[in-house]
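Student: Structure provided below as structure tokens; questions to follow.
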Amino acid sequence: ALNVNKPGCEKLQAAEINKVESYLAVKYGFTLNQLAANNNNYTASNGTITWDRTLNSGYANNITGIGRDDASALTQKQSHSVNNNAPLFLYNGNTAGQSPVMNDSNTTTFPANLSYLILGENRASVIPNICIHSGRISRMARVWKAQKTGTIDTVTVAFHKDSIPACVHSVLISPDPLFPGGNTRVISLSLSGDTKYAAVVLNNNDYLSFSSDSIQLPKIDTLRTCSGSNI
């Protein structure tokens, strides 16, 4: 449990309550109320904000995260929001298609204390119907935003294949929520059993979405022909 260093029956202050709630939210995958009146940032045991409610206001749904916080004995190596309509699973490390059932059976480690990776989403449609990259890729409207604190290296993003359209085969990662062609990583998803997944590295303030395969532009050949002939 989180040690907030309160002797006897002394009442916890608001900041200390927020640390306890943040610990529980990351550990069990529920979303702290993000309305302005509640002022619910996610905070580490040392008071560092690991999810800023104001900066991430457009992505306040189905918040989920992983992380290590030694003072609170938190070592959360995988996460999935308990909310309905939340397809994304997040695992520390490269699981190579394996999906550990329990956090304790996940053998990965975090390199440093006070390290968190938290994702929230806009809960838009998962149907890939937004054309990007000159019409060569169709992505879903649902977008996740990452806030990273400390050191989190490779992670695995995954979902059950039946939770999103079958045409989704790639993950998009960009510092721009519009996923422009010159500033977006397009990573193919792999299939293992009923799970589609990819091992990725997410930076602080990266955006994440999923898309169809890219469509290659047709090749145009210049050919010579006799006058009056069709080609």
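Student: Consider S229 against the criteria (1) among the polar types (S, T, N, Q); (2) closer than 30 Å to T54 by Cα; (3) modelled with pLDDT under 95: it satisfies all of them except one. Which criterion is unmet?
Tutor: (2)
Conditions tested, residue by residue: (1) in contact with a strand residue (DSSP E or B) (Cβ under 6 Å, 6 or more places away or on another chain); (2) over 29 Å from L172 (Cβ atoms); (3) surrounded by 15 or more Cβ atoms within 10 Å (Cβ to Cβ).
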position	(1), (2), (3)
E16	no, yes, yes
A37	no, yes, no
S45	yes, yes, yes
T54	no, no, no
N61	yes, no, yes
S81	yes, no, yes
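Student: Continuing with the same structure: Among the residues of the stretch 97-124, write down those that are free of Cβ contacts under 8 Å to residues at least 40 places away in the same chain and either closer than 22 Å to G181 by Cβ or open to solvent by 60 Å² or more (accessible area, probe 1.4 Å) (or both).
Tutor: Scanning the stretch 97-124 gives V101, M102, D104, S105, T107, T109, A124.
Student: Search the stretch 125-163 for residues being without any contact (Cβ under 8 Å) to a residue 40 or more places away in the chain and over 25 Å from L55 (Cα atoms), and hand back the single one that is least open to solvent (accessible area, probe 1.4 Å).
Tutor: By that ranking, first place goes to K161.
Student: Now, a different point. Tally time: how many residues in the stretch 169-203 are assigned to a loop (DSSP other than H, G, I, E, B), touching a helix residue (DSSP H, G or I) at 6+ places or on another chain (Cβ under 9 Å) and either within 22 Å of I152 (Cβ to Cβ) or open to solvent by less than 70 Å² (accessible area, probe 1.4 Å) (or both)?
Tutor: Matching residues across the stretch 169-203 total 4.
The values are calculated or read from the model by the stated rules, or taken from the named source; none is laboratory data. All figures in this text were calculated on a predicted structure; none of them were measured in a lab. So basically every Cβ, Gly included, is an ideal-geometry build from the backbone, and we count neighbours across all protein chains shown. Remember, those area values only see protein heavy atoms, side chains included, never the ligands or the DNA or RNA. Shrake-Rupley method; radii C 1.70, N 1.55, O 1.52, S 1.80 Å.
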